[in-house]
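The next block holds one structure in the form of structure tokens; read it before the comments.
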Amino acid sequence: MSEDKRTELHELGEFGTIELLTKSFQNVVPSTVKGVGDDAAVIERNENEFTLISTDLLLEGVHFNLMYMPFKHLGYKAVVVNLSDIIAMNGKPEQITVSLAVSNRFPVEALEELYEGIHLACSVYNVDLVGGDTSTSNHGLMLSVTAVGVVEKERIVYRTGSKQNDLIVVTGDLGAAYMGLQVLERERNVFEANPSIQPDLDGFDYIIERQLKPEARKDVIQFLKELDVIPTSMMDISDGLASEVMHLCKASGTGARIYNDKLPIDSMTSTSAIDFNLDPVTCVLNGGEDYELIFTVSPNDYEKIKGNPHMSVVGYMTDHSEGIYLVDKNDSLVALKAQGWNHFE
């Protein structure tokens, strides 16, 4: 390592760092169809199907705070966020492995509760726990989950593939998980300042649940199959809508227009954002951790998805030269910026 030049990790961000570190790697095994660069790796399975593999890492103090994250919820969430990556490739999760590093400050009972959450997620999503690893840790708790799934070759969806005029669709509502985190952090700060004051979480059930116990949208994959719709590109929304739109545009070589008044925002999310002096649209664009899906479809499929309560058309893809913009309530163009979660800041 040269001492003359030092590049800080946050300057590149997660995706830039991954791209830099892996750019010299070339796939040499014939069964490797797709390596780094999408929600999951794609491996040849048989003449009709691909195997999908995805890994995620959760670190105490970085991705979760055990002051308000119950162990059971943590186990559940650790599984779900990985299954979401398989689903984002239009696939079906089948197996997981779980690796755990834990310090001696945790009793066995805490780990049993953690695995209760993992077991519940496996039951809900019909996947098997098939292995993993355990180790000691000098600093708290670390969880790594690898998810394995399957997808029909003719139905696989990558981040690449969208074209000019394709419609941009999101599932569910956005920004709720971020606002749930704001409430939890506020109450944590109050408690740390005065432990005699009990947390006030009444009325925030929905947004807190979206933060502590998200769900992967396997139902949407089934809806799309029933509607005979195969998205032209897709990924899950983990780092904020703006960031994911930019990823899809970069992968497909397109621009985009996202409409402010089309963004799906739950009323509790909106009210909570205003109470925190935040713009609800900013929370939607940059909040993250919703684990909803963003995908593009051909305009020819609009009639099939129109009116579906689980999906909202929020914009469309443009030519790359037209840039990536939010169309605000005054029909003015505001350049989208990825201001969501940055793993290295």
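The values are calculated or read from the model by the stated rules, or taken from the named source; none is laboratory data. Please read all numbers here as calculations on a predicted model, not as lab measurements. Positions of Cβ are generated from backbone atoms using ideal geometry, with glycine treated the same way; all protein chains shown enter the neighbour counts.
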Notebook entry, point to check: Exactly one of (1) free of Cβ contacts under 8 Å to residues at least 24 places away in the same chain; (2) buried (at least 21 other Cβ atoms within 10 Å of the Cβ) is unmet by Ala273. Its number?
Noted result: (1)
Note to self: Criterion first (at pLDDT 95 or above, charged (D, E, K, R) and closer than 25 Å to Asp261 by Cα) does Arg155 satisfy it?
What the structure shows: no
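In the set Asn342, Asn330, Asn308, which member is at pLDDT below 95 and either under 24 Å from Val183 (Cα atoms) or outside the structural domain of Leu212 (by TED's automatic domain parsing) (or both)?
Asn342
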Next item on the list: Read through the list (1) modelled with pLDDT of 95 or more; (2) at positive phi, then give the number of the only condition that Gly203 fails.
Entry: (1)
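One line per residue, one yes/no per condition, for (1) touching a residue at least 40 places away in the same chain (Cβ under 8 Å); (2) aromatic (Phe, Trp, Tyr); (3) within 22 Å of Ile294 (Cβ to Cβ); (4) touching an Asp or Glu at 6+ places or on another chain (Cβ under 9 Å):
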| position | (1), (2), (3), (4) |
| --- | --- |
| Cys122 | yes, no, no, yes |
| Asp128 | no, no, no, yes |
| Thr146 | yes, no, no, yes |
| Val170 | yes, no, yes, yes |
Checklist line | Options Ala176, Ala121: the member that is closer than 30 Å to Val281 by Cα and at pLDDT 95 or above | finding: Ala176
Checklist line | Matching residues in the range 27-62 - criterion: being within 18 Å of His247 (Cβ to Cβ) and either in the same structural domain as Leu248 (by TED's automatic domain parsing) or in a loop (DSSP other than H, G, I, E, B) (or both) | finding: Gly35, Val36, Gly37, Asp38, Asp39, Ala40
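Tell me yes or no: at least one residue of the range 228-246 is without any contact (Cβ under 8 Å) to a residue 60 or more places away in the chain and over 23 Å from Lys72 (Cα atoms).
The answer is yes; a qualifying residue exists.
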Check: Does the range 122-133 contain any residue that is surrounded by fewer than 17 Cβ atoms within 10 Å (Cβ to Cβ) and within 30 Å of Thr271 (Cβ to Cβ)?
Finding: yes
Notebook entry, point to check: List, please: which pairs have Cβ atoms under 7 Å, are six or more places apart or on different chains, and start with a residue in the range 184-195 that is under 15 Å from Gln211 (Cα atoms) and end with one that is modelled with pLDDT under 90 and of a type outside the set (Gly, Ala, Ser)?
Noted result: Glu187/Pro199; Glu187/Asp200; Glu187/Leu201
Item checked: Residue ID - farthest from Thr97 (Cα to Cα), chosen from residues in the range 108-144 that are assigned to a helix (DSSP H, G or I) and of a type in the set (Asp, Glu) -> Glu109
Notebook entry, point to check: If we scan the range 141-153, do we find a residue that is among the hydroxyl-bearing types (Ser, Thr, Tyr), surrounded by 14 or more Cβ atoms within 10 Å (Cβ to Cβ), touching a helix residue (DSSP H, G or I) at 6+ places or on another chain (Cβ under 9 Å) and assigned by TED's automatic domain parsing to the domain that holds Gly288?
Noted result: no
